[in-house]
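The values are calculated or read from the model by the stated rules, or taken from the named source; none is laboratory data. The shown structure was predicted, so the numbers you read here are calculated from the model rather than taken from an experiment. Virtual Cβ from ideal backbone geometry, glycine too; neighbours counted across all protein chains shown. The protein model used for the area step is the full one, side chains on, heavy atoms only, and it has no ligands, DNA or RNA in it. Shrake-Rupley method; radii C 1.70, N 1.55, O 1.52, S 1.80 Å.
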Amino acid sequence: MLFVKELLAVAGLTDIRLTDCSVACISTTRPIYLVFGHDAEHPAYVIRRLTDDHDFQTQQVHKYLYQLVDKRIPKPVGIFEHGGQQYDIQYGVKGAPWFQVKSKFHTEAARAQLEARLWQTLVDFHSAIAAGSNTIETNIIQPHDELIRVFSEYHKIERTENAELVKLVESAVNDLSGVPGCSAIPQHGDFCLNNLIIDTSHITVIDFEDYEITKMPMYDHFTLALSLPSCSEEPNLAVNAYKDAQIAAAAEKLGIAASAIQWHFLHHILLRLGPWSTGEKRAKYRAWLKQLLASFIEANAP
């Protein structure tokens, strides 16, 4: 991949460590190029091609977040042009993605220790954003309004009428209308194992394509809970993820009534079954989410 070396030269990022660099390409929603120095265990740089406005916006979000959370996310380098294309370059970080390290957490004790670190990473990430924000006034979200909105978006895609779901949403809206509004909290949008780089002493958060997909609190908590090693892949069991002790503790700190947690979880499922999961890349996960919703309806139908 000669163009990567040429791009690094344009960016002024060639040094003695990269004299004999190697490049690996990961194909996700768009190609990601990892640049490794000689005998390096982690990439020196991570490169993504910017193809549309959303890509550029994501880069700006990354730059903004780094000012707030610092080393909790990779350090951005900048945008550089080569061959008529523009690329986002960021520094690599120590650690490895979940698919490379999951074999190291095969015991229950190791898994529990990892999960505790993951929950703390989420708390630290949200806390750093809140502490670094210049917003003086706290915006208040009305959960019942948010649920109505995401159900409407869901219904535009899933046009088949589901009477049980309609009744459940009506029940949820009625319950949520009777509880106080809650503080709006910008959510990562896809805070799951696949978007965390795990090292022995540090966990780095990556991928900000879905940042602020909602400000409904608990959304990131459910995303993480559903991706944890302890979460069953069976939808009829995964549906109980919202009952996790960490979820209950987080809700209490956020001032969310215990009786409202299940409706926040319903909001989470419906939002992800909206436009977010309609692409081909998420087709398999969307099918799983539909099964999860079916299990939720069955377990909570009025």
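Checking ASP70 against (1) buried (at least 18 other Cβ atoms within 10 Å of the Cβ); (2) in a helix (DSSP H, G or I): exactly one of these is not met. Which one?
Unmet condition: (1).
Here is a check on your reading of the model: is ARG149 closer than 24 Å to PRO275 by Cβ, open to solvent by 40 Å² or more (accessible area, probe 1.4 Å) and assigned to a loop (DSSP other than H, G, I, E, B)?
No, not satisfied.
Considering segment 91-139 alone, what residues qualify as being of a type in the set (Val, Ile, Thr) and in contact with a helix residue (DSSP H, G or I) (Cβ under 6 Å, 6 or more places away or on another chain)?
If the condition is that a residue be of a type in the set (Val, Ile, Thr) and in contact with a helix residue (DSSP H, G or I) (Cβ under 6 Å, 6 or more places away or on another chain), then ILE129 is the only one that fits.
Kindly establish whether GLN59 is part of a helix (DSSP H, G or I) and modelled with pLDDT of 95 or more.
Spelling it out, GLN59 is indeed part of a helix (DSSP H, G or I) and modelled with pLDDT of 95 or more.
Going by the structure shown, is THR278 closer than 30 Å to GLU41 by Cα and of a type in the set (Val, Ile, Thr)?
In short, no.
Restricting the search to segment 258-284, which residues are more than 25 Å from SER183 (Cα to Cα) and part of a helix (DSSP H, G or I)?
If the condition is that a residue be more than 25 Å from SER183 (Cα to Cα) and part of a helix (DSSP H, G or I), then SER277, GLU280, LYS281, ARG282, ALA283, LYS284 are the ones that fit.
Picking from THR58, THR14, which residue would you name as being open to solvent by less than 40 Å² (accessible area, probe 1.4 Å) and of a type in the set (S, T, N, Q)?
After applying the criteria, what remains is THR58.
Which one is farthest from SER277 (Cα to Cα) among residues in segment 186-238 that are open to solvent by less than 20 Å² (accessible area, probe 1.4 Å) and of a type in the set (S, T, N, Q)?
Once the filter is applied, the top-ranked residue is THR204.
Is it the case, given these coordinates, that GLN113 is at pLDDT 95 or above, within 23 Å of ASN194 (Cβ to Cβ) and under 22 Å from the mean Cα position of the chain (by Cα)?
yes
Check PRO275, PRO229, PRO302, PRO235 and return the single one that is touching a residue at least 60 places away in the same chain (Cβ under 8 Å) and closer than 19 Å to LEU118 by Cβ.
One residue alone meets the criteria, PRO229.
Based on this model, can you work out whether GLN100 counts as open to solvent by 20 Å² or more (accessible area, probe 1.4 Å) and free of Cβ contacts under 8 Å to residues at least 12 places away in the same chain?
Answer is yes for this residue.
May I ask you to list the residues in segment 199-210 that are assigned to a loop (DSSP other than H, G, I, E, B) and either touching a helix residue (DSSP H, G or I) at 6+ places or on another chain (Cβ under 6 Å) or of a type in the set (S, T, N, Q) (or both)?
THR200, SER201, ILE206, ASP207, PHE208, GLU209
Please determine whether any residue of segment 39-46 is over 28 Å from SER127 (Cα atoms), open to solvent by less than 60 Å² (accessible area, probe 1.4 Å), aliphatic (A, V, I, L, M) and in contact with a Ser or Thr (Cβ under 8 Å, 6 or more places away or on another chain).
Within segment 39-46, not a single residue is over 28 Å from SER127 (Cα atoms), open to solvent by less than 60 Å² (accessible area, probe 1.4 Å), aliphatic (A, V, I, L, M) and in contact with a Ser or Thr (Cβ under 8 Å, 6 or more places away or on another chain).
Which residues, counting only those in segment 211-257, are in a helix (DSSP H, G or I), among the aliphatic types (A, V, I, L, M) and in contact with a Cys (Cβ under 9 Å, 6 or more places away or on another chain)?
LEU224, ALA225, LEU226, LEU237, ALA238, ALA241
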